[in-house]
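So the structure is just underneath, and the comments pick up after that.
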Amino acid sequence: MIRRAAILSAFALALFAGCNNRNTSASLQASTTEATPVQLTALEGAAKKAEKIQWMTIEQAAARMEKEPRKIVIDVYTDWCGWCKKMDKSTFTDPKVVELVNKHFYPVKLNAEGKDAITLRGQTFTYKDEYRSHELAVALLQGQMSYPTTVYLDEKMNMLAPVPGYLDAKTFSKILRYFGENHHKSMNFQEYEKQN
């Protein structure tokens, strides 16, 4: 089991190579022409959809990155995790969080205990009974299985940082801006916090 963990850890480093910043703390516009009631209803529906985070799978995010590179934020959760549910209800519905995520990232939901195989960059990850977790979650969390954890990847799917624990909207927005606006390239998170 230790050998398997070492192999997964080495694979995680290869797959998500890059900087691992441990200094981390944790529109739709209607036209001005007249619209029919049906068109207005459709526009209102589209506006409501735009006000939510448009979650996707990691495979979908990887495919979209082929056409339009963007950073990825991954919500690693479990179905039984109370703090994960709290983030879903409060943090991920906050208008500022929604705006920042949809502007800078491909947002991914990953159930750490999901049973479906995931193929990424030619490597297939599966659920492993011995870990009671999905191999991809183990790799992304670097073996530190804590939920929720948000994981940040750059435009080439290199690891920026896993950030464990519940984050309120204000804290999460700050971290989203730190990575999304590339402040991580010029300063550590503590320096960034002092300036913001």
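Quick look at the numbers
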| read-out | value |
| --- | --- |
| Single unsatisfied condition, Thr57 versus (1) touching a helix residue (DSSP H, G or I) at 6+ places or on another chain (Cβ under 7 Å); (2) at pLDDT 95 or above; (3) open to solvent by 20 Å² or more (accessible area, probe 1.4 Å); (4) farther than 21 Å from Tyr166 by Cβ | (1) |
| Residue among Ala117, Ala139, Ala169 that is within 16 Å of the chain's Cα centre (by Cα), among the small types (Gly, Ala, Ser) and under 14 Å from Ile58 (Cα atoms) | Ala139 |
| Any pair with Cβ under 8 angstrom, 6 or more apart, that starts in region 65-90 at a residue that is under 19 Å from Leu140 (Cβ atoms) and among the acidic types (Asp, Glu) and ends at one that is open to solvent by 50 Å² or more (accessible area, probe 1.4 Å) and in a loop (DSSP other than H, G, I, E, B) | Asp75/Trp55; Asp79/Glu113 |
| Odd one out for Glu155, checked against (1) open to solvent by 20 Å² or more (accessible area, probe 1.4 Å); (2) in a loop (DSSP other than H, G, I, E, B); (3) farther than 26 Å from Glu66 by Cβ | (3) |
| Count of region 158-196 residues which are part of a loop (DSSP other than H, G, I, E, B), of a type in the set (A, V, I, L, M, F, W, C) and crowded, with 17+ Cβ neighbours inside 10 Å | 1 |
| Test set (1) farther than 19 Å from Arg70 by Cβ; (2) modelled with pLDDT of 95 or more - Gly122 fails condition number | (2) |
| Strands (runs of 3 or more DSSP E) enclosed by region 77-144 - at least 1 residues per element that are within 16 Å of Ile175 (Cβ to Cβ) | 105-111 |
| Pair list, Cβ under 6 Å, 6 or more apart: region 169-196 residue hydroxyl-bearing (Ser, Thr, Tyr), other residue outside any helix (DSSP H, G or I) and at pLDDT below 95 | none |
| Condition check for Glu135: of a type in the set (D, E, K, R) and crowded, with 19+ Cβ neighbours inside 10 Å | yes |
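The values are calculated or read from the model by the stated rules, or taken from the named source; none is laboratory data. Just so it is clear, the model here is predicted, and its values are computed rather than measured. Methodologically, a virtual Cβ is constructed for each residue, glycine included, from the backbone with ideal geometry; neighbour enumeration extends over all protein chains shown. These area figures cover heavy atoms from the full protein model, side chains too; ligands, DNA and RNA do not enter into them. Shrake-Rupley method; radii C 1.70, N 1.55, O 1.52, S 1.80 Å.
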